[in-house]
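Down below is the structure, laid out as structure tokens.
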Amino acid sequence: MHNSLNSWRVLRGDFFDAEKGQDSPLHSHTCWEWVYFYSGSNPCLHDGEVIHMTPGTFWLTPPGIYHQLFAETAWSIIFILVQGPPDAVMPKVIQDDDIGSLAELCKIIVHETRNDMLHSESVLQHLTNTLLLHVDRAHRTAPLTKNATLIRNAKILWEDHPLLSVEEVAKRLGISVASLRQIFHLEAKMPPINFRNNLRIERATRLLSTSTMKLDAVAELCGFDSASHLSRHIKTATGHTPGKLRIDSSRN
């Protein structure tokens, strides 16, 4: 795969959400289709074989292969259409790593396909090559445990949708709230609500340290009710006010 990285070129990509019962039709493409499953738990038909797709699954379908999804649950995906060697030896299905590297790369690639800025094509090529290297590494690495996979998927959901409740995340992951709480207790040593709040604080702290966004905007982006709500949580977590964090970061 490494010797032919530059022979792959992204044509387009997008995000797609569907409700339970909204199957995808049986279809094929004249190019490769790479699909990252963001939420939902559904069987897919792939060249006559049934494969079960869950959050964190990355599905690589060659040109001319017929495939279809059966929507037993609501589902959301990131899909990328790619021109590349039709006979390339690629894994059919892989799983993302513990920090969601494939998810992040797919999201950035989709956003870059909508970008007409200087050097966008070069940036897109580098991103595609990086994604291929991650695919190769994931294929050669032992998969995560079931519990670690659920923790990763919850993290990805909360990073993109910080207002989701624990109940909503459990539903999207296809497990009970009690099971989700038990998994977080075993793996993360904290309740899921604390894990979600830590993610919010980390993101808000990062934005305060690296941007000039107004406090209200940071609060809204990170899932806090107001600027004062954000300030209280920042002070509790760091011992500093948002303003102090900004002053300290500007001095470094």
Probe of 1.4 angstrom, ligands and nucleic acids ignored: what's the accessible area per residue over the chain, in square angstrom? 53 Å²
I'd like the FRET efficiency for Thr145 and Ser4, computed as 1/(1 + (r/R0)^6) with the beta carbon distance as r and R0 of 25 Å, rounded to 0.05. 0.15
Given a Förster distance of 25 angstrom, what is the FRET efficiency for His126 paired with Ile99, based on the Cβ-Cβ distance and rounded to 0.05? 0.80
If you keep only loop residues by DSSP, which trypsin sites (Lys or Arg not before Pro) in the range 167-252 have at most 16 other Cβ atoms within 10 Å of their Cβ? Lys189, Lys214
Extension reserve of the Ile51-Asp136 stretch, reckoned as 0.36 nm per residue once the Cα distance is removed: 28.6 nm
Once label points are set 7 Å from the Cα along Cα→Cβ at both Lys235 and Ser179, what is their separation, rounded to one decimal in nm? 4.2 nm
Under the 0.36 nm per residue contour assumption, what length would be gained going from the current alpha-carbon distance of Tyr66 and Ser226 to full extension? 52.7 nm
For Cα pairs less than 8 Å apart in space and 6+ apart in sequence, what is the mean separation divided by the residue count of the chain, i.e. the relative contact order in percent? 17 percent
Note down the nm distance, to one decimal, between modelled labels 7 Å out along Cα→Cβ at Thr212 and at His119. 2.3 nm
Accessible area of the range 171-252 belonging to carbon and sulfur atoms, whole % at 1.4 Å probe: 53 percent
Peptides 156-168, 109-121: what's the order by average Cβ count within 10 Å, highest mean first? 156-168, 109-121
Return the subset of Lys214/Lys244; Lys92/Lys171; Lys171/Lys235; Lys20/Lys146; Lys107/Lys189; Lys146/Lys171 for which the Cα-Cα distance in this structure is over 22 Å, preserving the input order. Lys92/Lys171; Lys171/Lys235; Lys20/Lys146; Lys107/Lys189
For the range 201-249 and the range 29-108, what is the separation of their C-alpha centers, rounded to whole Å? 36 Å
I'd like to verify something in the chain: which complete DSSP H helices, judged by Cα projection on the helix axis, reach 20 Å or more and average at least 0.0 on the Kyte-Doolittle scale? none
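The values are calculated or read from the model by the stated rules, or taken from the named source; none is laboratory data. Keep in mind the model is a prediction, meaning the values are calculated, not measured. Cβ: placed from backbone, ideal geometry, glycine included. Neighbour counts: every protein chain shown. These area figures cover heavy atoms from the full protein model, side chains too; ligands, DNA and RNA do not enter into them. Shrake-Rupley method; radii C 1.70, N 1.55, O 1.52, S 1.80 Å.
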